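Chemist: First the structure, then my questions, so here it is.
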């Protein structure tokens, strides 16, 4: 059954890419030439649609969240706050495009979402590059999106957040904090924020997912090198990776109200804040630039505020103090993001689970 589903999906996406202006879709060959990869090249596979067969969005259009009506209230969106603006990108659009190149010439950035691994990350693009944008390479590593940059054609692993082949191999771009939640919650928190619209320049049925049943069943469309059976493969977790320890927290286990967990991971003091009702989860450093280590407690029914500390500061979902003596301070981003359990575990082995 998994093979049949995989074949049908690839056929659907290839037909869609060709018939709707999705690019030439040339078939990539991960073993061609003498390219050196920093990841096992045998685990880099052709995903089907080909290079640019899944077209990135390079000129996104936006509308104020309060006026968005096409996005279902329960649809997940990817939220970022960057260069003074707060924006969101709905999953129903990114299921079909996977990459959004955004920002301006002075501060470009890229948002990527891999539907196969359920992972969303954002990072700063290089403003000194002749072309700072990224595209979908058509290749996968451990079922996860591999991007390519249009300046050097180097390949980038989304979940490793690094270039894994090409002139920029080993480069790690500065990360941007991502917050995922439902459209209804995002609209409640940031009604004046910008939400990417379906005016993408492509003809897609954004009401229809190209991955039916995939988010809930146990099937994978592409094999991975190891499966950790401690959780359902598609359980959504937020994980953090450090040099000495990896840890994951099931989003469904946070409970229907905000939970704030003061934790240490790899010796790093962190706060994990989450709410299964709104699908919000984030991990920040508890150590400030002046060396202060804060302890946090949850706040409920005060979105976008989600926690407070013993100094009297109130912090929002992006880890910014919005009231109190440290107003305007931002907690440091950690190496963390949300993904399906199977993907997090295969990329970050020996991961411990907070909720058992």
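Readers should treat all values here as calculations from the given coordinates under stated rules, not as data from a laboratory. All values reported here derive from a predicted model rather than from experimental measurement. Backbone-built Cβ (ideal geometry, glycine too); neighbour counts: all protein chains shown.
Chemist: Would you mind pulling out the separation of the Cα centroids of the stretch 170-212 and the stretch 271-341, in Å?
Modeler: Each part reduced to its Cα centre gives a spacing of 22 Å.
Chemist: Moving to a separate point now. With each label point set 7 Å from Cα along the Cα-Cβ vector, what nm distance links residue 287 and residue 262?
Modeler: Roughly 1.6 nm, to one decimal.
Chemist: In degrees, nearest 10, range 0 to 90: what is the angle between the Cα axis of helix 2-19 and the longest Cα principal axis of the chain?
Modeler: The two axes meet at around 80 degrees.
Chemist: Assuming a ≥ b ≥ c are the square roots of the Cα gyration tensor eigenvalues, decide whether the stretch 62-133 counts as rounded (a/c under 1.5), prolate (otherwise, with a/b larger than b/c) or oblate.
Modeler: oblate
Chemist: Which of the peptides 324-335, 107-118, 285-296 is most tightly packed, and how do the rest follow, going by the mean number of other Cβ atoms within 10 Å of each residue?
Modeler: Averaged packing, sorted descending, gives the order 107-118, 324-335, 285-296.
Chemist: Turning to a different aspect of this structure: Could you work out which residue, out of 238, 176, 39, moves most in a Gaussian network model of the chain, that is, has the largest mean-square fluctuation with Cα springs under 10 Å?
Modeler: Highest fluctuation of the listed residues: 39.
Chemist: Classify the stretch 225-290 as rounded, prolate or oblate, taking a ≥ b ≥ c as the square roots of the eigenvalues of its Cα gyration tensor: rounded when a/c is under 1.5, otherwise prolate if a/b is larger than b/c and oblate if not.
Modeler: Taking the square roots of the gyration eigenvalues as a ≥ b ≥ c, the stretch 225-290 is oblate.
Chemist: Considering the values [x] 51, 48, 39; [y] 57, 44, 44; [z] 71, 66, 34, which represents Cα extents along the principal axes in Å as calculated for the structure under consideration?
Modeler: Given [x] 51, 48, 39; [y] 57, 44, 44; [z] 71, 66, 34, the calculated one carries the label [y].
Chemist: Quick check: residue separation of residue 74 and residue 129 times 0.36 nm, minus the Cα distance between them. What number comes out in nm?
Modeler: Gain on stretching residue 74 to residue 129: 16.0 nm.
Chemist: Beyond 24 Å, what share of the Cα-Cα pairs of the stretch 158-303 remains, rounded to the nearest whole percent?
Modeler: Values: 5477 of 10585 pairs.
More than 24 Å apart: 52 percent of the Cα pairs in the stretch 158-303.
Chemist: Sort the following peptides by mean Cβ neighbour count (other Cβ atoms within 10 Å, averaged over residues), highest first: 53-63, 268-278.
Modeler: Details: 53-63: 18.8, 268-278: 20.8.
Ranked from most to least packed, the peptides come out as 268-278, 53-63.
Chemist: Using only Cα positions of the stretch 43-196, each an equal point scatterer, no hydration layer, compute I(q)/I(0) via Debye at q = 0.14, 0.15 Å⁻¹ and quote the log10 values to two decimals.
Modeler: -0.65, -0.74
Chemist: Could I ask something else about it? Label points 7 Å out from Cα along the Cβ direction at residue 105 and residue 213: separation in nm?
Modeler: 5.1
Chemist: May I ask you to compute the full-extension gain from residue 253 to residue 59, defined as 0.36 nm times their residue separation minus their alpha-carbon distance, rounded to one decimal in nm? Don't jump to the answer; show the numbers that get you there.
Modeler: On the way: separation 194, 0.36 × 194 = 69.84 nm, distance 3.75 nm.
Gain in length upon complete extension: 66.1 nm.
Chemist: State whether the stretch 236-353 is rounded, prolate or oblate according to the following rule on the C-alpha gyration tensor (a ≥ b ≥ c being the square roots of its eigenvalues): a/c under 1.5 gives rounded; otherwise a/b larger than b/c gives prolate, and the remaining case gives oblate.
Modeler: Oblate is the answer for the stretch 236-353, as a/c is 1.5 or above yet b/c matches or exceeds a/b.
Chemist: Then there's this: As a test of the formula, what do you get for the chain when each DSSP H run with n ≥ 4 contributes -39,500 (n - 2.57) and the sum is divided by the residue count, at 222 nm and rounded to the nearest 500 deg cm²/dmol?
Modeler: For the chain, the value works out to -3000 deg cm²/dmol.
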